[in-house]
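*Asks:* Structure incoming, see below.
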Amino acid sequence: MDLRFRGAEPSEEERAAIDALLGPPASAWDGGARTEQDLRFAARAEAARDQLLPALHAVNDRVGWISEGALEYICRRLTIPPAEAYGVATFYALFSVQPRPKRVLHVCTDLACQAKGAESVRRRVEDHFGPAGTSWQESPCLGMCERAPAALALEAGTPPVAQVYAPATPETITTMAEAPPNSNGSTPSVKVTGETPERAAVPQTGQDGLLLLRRIGTVDPASLDDYRAAGGYTALRRAFELGPAGVIREVLESGLVGRGGAAFPTGRKWDATARQPDHPHYLVCNADESEPGTFKDRVIMEGDPYALVEAMTIAAYATGCAKGYLYIRGEYPRAVARLQHAIATARARGLLGDDILGKGLSFDIELRRGAGAYICGEETAIFNSIEGQRGEPRSKPPFPVEKGLFGKPTVVNNVETLVNVLPILERGAQAYAAAEPKLFCVSGAVERPGVYELTFGATLRELLDLSGTTGTTRAVLLGGAAGAFVTDLDIPLTFEGTRAAGATLGSGVVLVIDDGVDLKSLLLRIAEFFRDESCGQCVPCRVGTVRQEEALHRLSRRVDDDDLVLLREVGQTMRDASICGLGQTAWNAVESAIDRLGVFR
Amino acid sequence: MIPLQPPRRLIDVEIDGETVRVPEGSTILDACAVAGKDIPTLCYGDTLTPKNACRVCVVEVEGARTLAPACSRKAEKGMKVGTDTERARQSRKVVLELLASSVDLSTTPRAAEWTKEYDADPARFGDDAATVEQPAKVDNELYVRDYSKCIMCYKCVDACGDQWQNTFAIGVAGRGFDTTISTEFDAPLTDSACVYCGNCVEVCPTGALSFKSEFDMRAEGTWDESKQTETTTICSYCGVGCNLTLHVQDNKIVKVTSPHDNPVTKGNLCVKGRFGYGYV
Ligand SMILES: Cc1cc2nc3c(=O)[nH]c(=O)nc-3n(C[C@H](O)[C@H](O)[C@H](O)COP(=O)(O)O)c2cc1C
Ligand code: SF4
Ligand code: SF4
Ligand code: SF4
Ligand code: FES
Ligand code: FES
């Protein structure tokens, strides 16, 4: 590729950060200093586009922002046109191409936090640090809703530091300016401070009969031995007994459907991928978890990381994948650290890599961090993101099972979906199906927020009896920002039951709204979320989400029938004509609030 | 020479109740053309892979949950397509309203006609509706980028990138409503990889990209297509022999295009053919 550069140079620090990831350049042909030798021969630099996102992270982690010199050096190293790399860098909310302080505070102002006083935290931060933009910014849901209101400070350095403030109070906020001193060691991995024990997110910790949550808060998430002692790796052994086709049969028979939101039968997806003649096959674990109010995947990854490693290994075995990507959202530093450790340990102990458990299976996992983009959780946008393209959804067909990551057959599954495969194999499909577990992310006006595991069939009321409610419950938002408000607490928490009630289980969000919450500002926050997170590719969503927000602003000042008609028409067009699920669901919650809660009556 | 292709199977699809027969692999748009239906399109380009971003071409496919973009969805055997259903018309109307309320469509061919046909009312979003209005970028003598007219159809990026020119001077930057077409760090074109082939101008459906001559004449109020003639000739700069269509007004060449149906060049030129007309 014939590339033209403007000649901006990276700083020493930027160069070091990029070389630490990619190794030193081999010659001037891939970004090294030009020598006499280079002028006498031409070398071909291999394009390595999929390293773009990791390289941008490397610079951002070390320096805090991405300068033109840094971007140009990355482009030379990876043979990427600078205009395209710029397009990728500007796609992600966690990156900046403008200078900014090393430490940036991300203050969650999303739904669960708003229900728990995020507004006063935000105001205090604004008073203290000045207007949003450089040293702090408002953030969509940080996935710590059980400890709302939440904030996360990310500080560039070696290593970068992630400091969690949850719950954040207007009082602790003033101490947020004083970061812990950043050490100058050479470990590239992130240092996490301010975290709470895993069990704090799981009110049922230690309770008998849990399947998915049984180890969380009771088994050391860092210890592979403890994992094995607590039943770990029996499912993989069982998988080897069954063989790939046998595993798929069990998963089909179990009736497992995806937990990422779309509820697609997992067994069918695996079967279709396994049958694809084109190779290699890829496995992608979708751990982008950015639906407001969702934090179950984080709790699994932090509290039981080996379970995910084992489950991915089984999925890969069944579908014939030699390589799996674990794509995890960039705002989950502790989960990233836990999984890095778990993957490295499993690899060192022969549970990843070549000839796993001596059974001839070759499989390894590469962890990829997102960088602040809800849309990258969409099943084809995630491929583009991994490949180093802008995280825009692709049009379907073709579907991922045919042409997915790098154009090859790909299974993409949610974290919770994958870990369900362990009890399916351990107990057998039928025993599993008789008491199928589902996780719920309970937040908002409740006494004991957190992740709950229930057997399918329980009602919303039963779930809220467990968590307890505070104030007078006015409505429950099921399924997150892409979901719907319901008022009937007797609906069964099943895919069919919620559908019949005009709602969705979605990603398992159960956000309880009491009568103290201002519904209009909640709806505005939802509209703002979709406006911010739209990738911008298609007109109905790119412009429609803006018009929806504008109309809601007008409506919260003055109810006007024309604006209600306008919302409905724009909403229906987003639903009918958008490319992907983001635009198609951007009006769901607003519609249900108007129709069922009478917000603008 | 065009290589012979294996004969393609013909399939029957139903467009608004009428059965038409098209080769397998055709899009719904192709089938609509056979059925004599006029479907609005904006981001579709006859020389590019459909990006299906604008969604003005949506149609209703029986049994589908959402509407389908006619420009890219492949026609399937037995498919029943409604091009003029209430639902499809409603979406097209709103899409036109969303576009026209945020982008200057004054130089987009047929935009006014469609607005009328679909009874679209862009003004309904009020005076405060956000737009992409911004000053035109005039940073070279050959062509102008007026992104207040840009509908983000990606055609220029595709033409500049791997579909034709392989220069990659421009890309899509930002996200959501703030996405723009941009060079790296928004550098002026003269400082970018641009080679001024004008192939992006050739495919731009809105006039956001235009010859500097056209831009200046429009600003002066002297641009008048009714007074223009078009002559197609062969470029004499080199031996390739590309076709040039010279647009002449008042004895002056005001812009140069190239026929898209040329089997080799498909409307693409180099800087000499496109902008070297000072010598003609
Ligand atoms: C805008 C958008 C965001 C999504 N985000 C996620 C996500 O963060 N995690 C996830 O597992 N699925 C997400 N999904 C659903 C995925 O597209 C896909 O259905 C899922 O990962 C498939 O896995 P499953 O079958 O195991 O659920 C999202 C979908 C859309 C449209
Ligand atoms: S619906 Fe929204 S997020 Fe999805 S492709 Fe269109 S613009 Fe992007
Ligand atoms: S003139 Fe040619 S090189 Fe320049 S931006 Fe347009 S297509 Fe790319
Ligand atoms: S400049 Fe023209 S071709 Fe490029 S995206 Fe905008 S409207 Fe499309
Ligand atoms: S962490 Fe704030 S809403 Fe989830
Ligand atoms: S013309 Fe079909 S989506 Fe734009």
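*Asks:* All but one of (1) free of Cβ contacts under 8 Å to residues at least 60 places away in the same chain; (2) in contact with a Lys or Arg (Cβ under 9 Å, 6 or more places away or on another chain); (3) at negative phi hold for residue B:126; state the number of the condition that does not hold.
*Replies:* (3)
*Asks:* Suppose the filter is surrounded by 15 or more Cβ atoms within 10 Å (Cβ to Cβ) and either in the same structural domain as residue B:50 (by TED's automatic domain parsing) or of a type in the set (D, E, K, R) (or both); does residue B:108 pass it?
*Replies:* Details: surrounded by 15 or more Cβ atoms within 10 Å (Cβ to Cβ): yes; either in the same structural domain as residue B:50 (by TED's automatic domain parsing) or of a type in the set (D, E, K, R) (or both): yes.
Taking the combined requirement at face value, the residue satisfies it.
*Asks:* Quick check on my filter: what residues within segment B:171-198 are more than 10 Å from chain A (Cβ to nearest Cβ), more than 19 Å from residue A:98 (Cα to Cα) and not aliphatic (A, V, I, L, M)?
*Replies:* B:190, B:196, B:197, B:198
*Asks:* Same structure, new question: Yes or no: residue A:453 assigned by TED's automatic domain parsing to the domain that holds residue A:257 and surrounded by fewer than 24 Cβ atoms within 10 Å (Cβ to Cβ)?
*Replies:* Considered against the rule, which asks whether it is assigned by TED's automatic domain parsing to the domain that holds residue A:257 and surrounded by fewer than 24 Cβ atoms within 10 Å (Cβ to Cβ), residue A:453 comes out as no.
*Asks:* For segment A:468-489, does any single residue satisfy the condition of being within 14 Å of chain B (Cβ to nearest Cβ), touching a helix residue (DSSP H, G or I) at 6+ places or on another chain (Cβ under 6 Å) and in contact (Cβ under 8 Å) with a residue 60 or more places away in the chain?
*Replies:* No, there is no match, as no residue in segment A:468-489 is within 14 Å of chain B (Cβ to nearest Cβ), touching a helix residue (DSSP H, G or I) at 6+ places or on another chain (Cβ under 6 Å) and in contact (Cβ under 8 Å) with a residue 60 or more places away in the chain.
*Asks:* Starting from segment B:30-52, take each residue that is within 14 Å of chain A (Cβ to nearest Cβ) and among the aliphatic types (A, V, I, L, M) and list its partners that are in a loop (DSSP other than H, G, I, E, B) and more than 16 Å from ligand 4 (Cβ to nearest atom), counting only C-beta distances under 8 angstrom and pairs at least six apart or across chains.
*Replies:* B:39/B:70; B:39/B:83
*Asks:* Based on what the data block shows, is residue A:229 surrounded by fewer than 19 Cβ atoms within 10 Å (Cβ to Cβ), of a type in the set (A, V, I, L, M), farther than 14 Å from residue A:411 by Cα and assigned by TED's automatic domain parsing to the domain that holds residue A:378?
*Replies:* yes
*Asks:* Okay, next question. Taking the criterion of being more than 26 Å from residue B:67 (Cβ to Cβ), in contact with a Leu (Cβ under 7 Å, 6 or more places away or on another chain) and more than 12 Å from chain B (Cβ to nearest Cβ), would at least one residue in segment A:581-594 satisfy it? Don't jump to the end; show me each part of the working.
*Replies:* Within segment A:581-594, the subset more than 26 Å from residue B:67 (Cβ to Cβ) is none.
No, segment A:581-594 has no match at all.
*Asks:* Quick one: would you say residue B:197 is at pLDDT 95 or above, within 16 Å of ligand 2 (Cβ to nearest atom) and surrounded by 22 or more Cβ atoms within 10 Å (Cβ to Cβ)? So that I can check it myself, show each step before the final result.
*Replies:* Values: at pLDDT 95 or above: yes; within 16 Å of ligand 2 (Cβ to nearest atom): no; surrounded by 22 or more Cβ atoms within 10 Å (Cβ to Cβ): yes.
Here the answer is no, as residue B:197 does not meet what is asked.
*Asks:* Okay, next question. Can you tell me which residue among B:120, B:129 is surrounded by fewer than 23 Cβ atoms within 10 Å (Cβ to Cβ) and at the interface with chain A (Cβ under 10 Å from one of its Cβ atoms)?
*Replies:* Going through B:120, B:129 in turn, just one is surrounded by fewer than 23 Cβ atoms within 10 Å (Cβ to Cβ) and at the interface with chain A (Cβ under 10 Å from one of its Cβ atoms): B:129.
*Asks:* All but one of (1) more than 14 Å from chain B (Cβ to nearest Cβ); (2) in a helix (DSSP H, G or I); (3) surrounded by fewer than 24 Cβ atoms within 10 Å (Cβ to Cβ) hold for residue A:502, so report the exception by its number.
*Replies:* Of everything listed in (1) more than 14 Å from chain B (Cβ to nearest Cβ); (2) in a helix (DSSP H, G or I); (3) surrounded by fewer than 24 Cβ atoms within 10 Å (Cβ to Cβ), residue A:502 misses just condition (2).
*Asks:* Looking at this structure, is residue B:216 surrounded by 14 or more Cβ atoms within 10 Å (Cβ to Cβ), over 26 Å from residue A:2 (Cβ atoms) and without any contact (Cβ under 8 Å) to a residue 60 or more places away in the chain? Lay out the reasoning, then the answer.
*Replies:* Numbers: surrounded by 14 or more Cβ atoms within 10 Å (Cβ to Cβ): yes; over 26 Å from residue A:2 (Cβ atoms): yes; without any contact (Cβ under 8 Å) to a residue 60 or more places away in the chain: yes.
The answer is yes for residue B:216.
*Asks:* Still on this model: Which condition breaks for residue B:115 when tested against (1) away from chain A (no Cβ under 14 Å); (2) in a loop (DSSP other than H, G, I, E, B); (3) crowded, with 16+ Cβ neighbours inside 10 Å; (4) not acidic (Asp, Glu)?
*Replies:* It is condition (2) that residue B:115 fails.
*Asks:* Any residue in segment A:537-558 that's more than 8 Å from every other protein chain (Cβ to nearest Cβ): show its pairings with residues that are near ligand 2 (Cβ under 8 Å from one of its atoms) and not aliphatic (A, V, I, L, M) at Cβ separation under 6 Å, as long as the two are six or more apart or on different chains.
*Replies:* Correct list of pairs: A:541/A:534; A:541/A:578; A:541/A:583.
Every residue, every condition in (1) surrounded by fewer than 22 Cβ atoms within 10 Å (Cβ to Cβ); (2) over 21 Å from residue B:109 (Cα atoms), yes or no:
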| site | (1), (2) |
| --- | --- |
| B:144 | no, no |
| B:163 | yes, yes |
| B:176 | yes, yes |
| B:188 | yes, yes |
| B:203 | no, no |
| B:223 | yes, no |
| B:230 | yes, no |
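*Asks:* Sticking with this structure for a sec: Take residue B:168 and decide whether it is buried (at least 22 other Cβ atoms within 10 Å of the Cβ), in contact with a Pro (Cβ under 6 Å, 6 or more places away or on another chain) and within 12 Å of another protein chain (Cβ to nearest Cβ).
*Replies:* yes
*Asks:* Filter segment B:148-164 down to the residues that are more than 11 Å from every other protein chain (Cβ to nearest Cβ), within 13 Å of ligand 3 (Cβ to nearest atom) and over 14 Å from the mean Cα position of the chain (by Cα) and list them by number.
*Replies:* Listed by number, the residues that qualify are B:163, B:164.
*Asks:* Out of the residues in segment B:36-83 meeting the condition of being assigned to a strand (DSSP E or B) and small (Gly, Ala, Ser), tell me which one is surrounded by the fewest Cβ atoms within 10 Å (Cβ to Cβ).
*Replies:* Only one residue tops the list, namely B:82.
*Asks:* If residue A:384 satisfies every condition in (1) surrounded by fewer than 24 Cβ atoms within 10 Å (Cβ to Cβ); (2) more than 16 Å from ligand 6 (Cβ to nearest atom); (3) within 14 Å of another protein chain (Cβ to nearest Cβ); (4) part of a loop (DSSP other than H, G, I, E, B) but one, which is the exception?
*Replies:* Residue A:384 satisfies all of (1) surrounded by fewer than 24 Cβ atoms within 10 Å (Cβ to Cβ); (2) more than 16 Å from ligand 6 (Cβ to nearest atom); (3) within 14 Å of another protein chain (Cβ to nearest Cβ); (4) part of a loop (DSSP other than H, G, I, E, B) except (4).
*Asks:* Among the candidates A:445, A:434, A:342, which residue alone is within 16 Å of ligand 5 (Cβ to nearest atom), more than 14 Å from chain B (Cβ to nearest Cβ), at pLDDT 95 or above and farther than 27 Å from residue A:85 by Cα?
*Replies:* A:445
*Asks:* Consider segment A:190-202. How many of its residues are in contact with a Pro (Cβ under 8 Å, 6 or more places away or on another chain) and assigned to a loop (DSSP other than H, G, I, E, B)?
*Replies:* 1
*Asks:* Which residues, counting only those in segment A:456-490, are among the aromatic types (Phe, Trp, Tyr) and buried (at least 24 other Cβ atoms within 10 Å of the Cβ)?
*Replies:* A:485 - this is the single residue of segment A:456-490 that is among the aromatic types (Phe, Trp, Tyr) and buried (at least 24 other Cβ atoms within 10 Å of the Cβ).
*Asks:* Would you mind telling me which numbered condition in (1) crowded, with 17+ Cβ neighbours inside 10 Å; (2) modelled with pLDDT under 95 residue B:247 fails?
*Replies:* Failed condition: (2).
*Asks:* Which one is surrounded by the fewest Cβ atoms within 10 Å (Cβ to Cβ), of the residues in segment A:113-155 that are hydroxyl-bearing (Ser, Thr, Tyr) and not in a helix (DSSP H, G or I)? Outline the logic, then answer.
*Replies:* As a first pass, look at segment A:113-155 and keep what is hydroxyl-bearing (Ser, Thr, Tyr): A:120, A:134-135, A:139.
Narrowing further to those that are not in a helix (DSSP H, G or I): A:134-135, A:139.
On the way: A:134: 15, A:135: 18, A:139: 22.
Once the filter is applied, the top-ranked residue is A:134.
The values are calculated or read from the model by the stated rules, or taken from the named source; none is laboratory data. Everything numeric here is computed off the predicted structure, so don't read it as measured data. Cβ: placed from backbone, ideal geometry, glycine included. Neighbour counts: every protein chain shown.
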